[in-house]
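A.B. asks: Provided herewith is a single structure, encoded as structure tokens, for subsequent inquiry.
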Amino acid sequence: MKKIAIIPLRAGSKGIPGKNKRKMLGRPLYQWTLGEAIFSNLDEVYVFTDDEAILKQVEAEYSWTPKVKTMYRSPESATDTASTEMAMLELAERINYDFDIICLLQATSPLTDHSDINNTLQKVSVEEYDSALTVVENKRFIWSDKGESLNYDFLARPRRQDFNGMLMENGAVYAATKETFIQNQNRLGGKIGVVHMPDDTLAEIDELSDFTVVSELLKIRLQKLKGKVEQIKYLVFDVDGVFTPGNVAVSPEGELFKLFSIRDGMGLEILRNNGITPVVITSENSPIVARRMEKLQIQHVFLGVKDKFARLNHFCKEQNIKRSQIAYVGDDVNDLCNLCAVGWGLTPNDGLPEVKQVADIVLNNKGGDMAIREAVEFIINQNKRQ
């Protein structure tokens, strides 16, 4: 049974210009949903957009998984008045309806977890519903503008714990069989199943202020991922601002040199001697960095990574480890997600203020100047206490 998903994105958002590329915790909005889709039971995930920058970014960033596909969305299906169903139908026709279940995922619901996607798919693939959607319990008392109570008797006001309330569509995940989708030309139809999601997932990105609210909710969600800290097996490093002071010498021909600390390099040898593996994940794709990491004999080096959170999730899956067994050293906003969601998050003394706010440990030393050596010693000492 082939299960696909569409993540429809428009370049021309008027309410919040550039909304889908706007960053939360250093990660573009659309990547929160896409990242969870990658680790769900979906077989293929189509990023369907008229935004050329997103198409190029996705094609470059997610080459490590065959699950992610990109397709250009026609101008007709990307207007302010075009329905989401129009985009879904356009995609379905262009892939010749090559699926058994189609799933709609909304980028404006970044609190969606891969388990929510799996639960929605199960309603259709296992429990034999024709379609399904995600909902949130709402125990608010609802009134009409005519002063009529719609979901309770105000003369016999129930206690909250005794009140069933109502179920509200949270707009996160929808799924339908191919037959139901074709028959209804809609994301829903036939026998419809509901999948409950946590209360906080009712928050969507509709207004600019929503970014602030949802970012705080995401921080809480990420911190829960780390679980109880265990023996650290892998110490993950950013490069610029961690291995180096964050400066680079550039000529008209390109990058000339970066400065690396010899003492930090020795720290990596000490790290390996204590049974901890160093890993490098950097957004830069620098030949200088590649040569330095080869010199330092670091086996796991990932260059040019923009979505560091998803890439580290993939690494955890490959190595069969938990985030509670990882420590991470980063200094900039694109490290925020991982710093929140590992056993130990560390930042150099000159890390950005917003990074220092979420890090477990702010090191005494600066990037490129013994910060790595200090981080190594800290993790080794913590492991000895476990």
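Only the coordinates and a few stated rules stand behind these numbers; no lab work does. Given the structure is predicted, the values throughout are model-derived calculations rather than measurements. A quick note on method: Cβ atoms are made from the backbone with ideal geometry, for glycine too, and the neighbour counts reach across all protein chains shown.
A quick yes/no check of all residues on (1) closer than 23 Å to residue 322 by Cβ; (2) out of contact with any strand residue (DSSP E or B) (no Cβ under 7 Å at 6 or more places or on another chain):
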| residue | (1), (2) |
| --- | --- |
| 231 | yes, yes |
| 241 | no, yes |
| 259 | no, yes |
| 264 | no, yes |
| 271 | yes, no |
| 278 | yes, no |
| 281 | yes, no |
| 285 | no, yes |
| 293 | no, no |
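A.B. asks: Can you report the number of residues in the range 224-281 which are touching a Phe, Trp or Tyr at 6+ places or on another chain (Cβ under 7 Å) and among the hydroxyl-bearing types (Ser, Thr, Tyr)?
C.D. replies: Final tally of qualifying residues: 2.
A.B. asks: How many residues are surrounded by fewer than 24 Cβ atoms within 10 Å (Cβ to Cβ) and either farther than 23 Å from residue 225 by Cα or of a type in the set (A, V, I, L, M) (or both) when one looks only at the range 342-352?
C.D. replies: Within the range 342-352, residues that are surrounded by fewer than 24 Cβ atoms within 10 Å (Cβ to Cβ) and either farther than 23 Å from residue 225 by Cα or of a type in the set (A, V, I, L, M) (or both) number 3.
A.B. asks: Which condition does residue 345 not pass, out of (1) closer than 20 Å to residue 268 by Cβ; (2) without any contact (Cβ under 8 Å) to a residue 60 or more places away in the chain; (3) out of contact with any helix residue (DSSP H, G or I) (no Cβ under 7 Å at 6 or more places or on another chain), if it passes all the others?
C.D. replies: Only one criterion in (1) closer than 20 Å to residue 268 by Cβ; (2) without any contact (Cβ under 8 Å) to a residue 60 or more places away in the chain; (3) out of contact with any helix residue (DSSP H, G or I) (no Cβ under 7 Å at 6 or more places or on another chain) is unmet by residue 345, namely (3).
A.B. asks: Now for a separate question. I need the full set of residues from the range 170-205 which are out of contact with any strand residue (DSSP E or B) (no Cβ under 6 Å at 6 or more places or on another chain), of a type in the set (A, V, I, L, M) and assigned to a helix (DSSP H, G or I), in order please.
C.D. replies: Result: 182, single match.
A.B. asks: Anything in the range 326-358 that is more than 21 Å from residue 35 (Cα to Cα) and polar (S, T, N, Q)? List them, or say none.
C.D. replies: Answer for the range 326-358, where residues must be more than 21 Å from residue 35 (Cα to Cα) and polar (S, T, N, Q): 347, 349, 357.
A.B. asks: Right, here's the next one. Tell me which residues, restricted to the range 184-202, are closer than 9 Å to residue 135 by Cβ and buried (at least 17 other Cβ atoms within 10 Å of the Cβ). Break it down stepwise before answering.
C.D. replies: Taking the range 184-202 as the starting set, the residues that turn out to be closer than 9 Å to residue 135 by Cβ are 194-197.
Selection gives 195, 197.
A.B. asks: Next question, about the same structure. Residues that are closer than 17 Å to residue 234 by Cα and of a type outside the set (D, E, K, R): list the helices (runs of 4 or more DSSP H) wholly contained in the range 303-386 that include at least 2 such residues. Break it down into steps so the answer makes sense when it comes.
C.D. replies: Details: elements: 308-319, 336-340, 353-358, 371-385.
Qualifying helices (runs of 4 or more DSSP H): 308-319, 336-340, 371-385.
A.B. asks: When the residues of the range 176-228 are filtered to those that are under 29 Å from residue 360 (Cα atoms) and hydroxyl-bearing (Ser, Thr, Tyr), which remaining residue is nearest to the chain's Cα centre (by Cα)?
C.D. replies: 215
A.B. asks: Additional query: So in the range 308-341, with the set limited to residues that are surrounded by fewer than 24 Cβ atoms within 10 Å (Cβ to Cβ) and acidic (Asp, Glu), which one is farthest from residue 373 (Cα to Cα)?
C.D. replies: Here the residue is 318.
A.B. asks: Among the residues of the range 138-152, is any of a type in the set (A, V, I, L, M) and part of a strand (DSSP E or B)? So that I can check it myself, show each step before the final result.
C.D. replies: Quick first cut of the range 138-152, residues of a type in the set (A, V, I, L, M) only: 142, 150.
Going one step further and asking which of them are part of a strand (DSSP E or B), we end up with none.
Checking the range 138-152: not a single residue is of a type in the set (A, V, I, L, M) and part of a strand (DSSP E or B).
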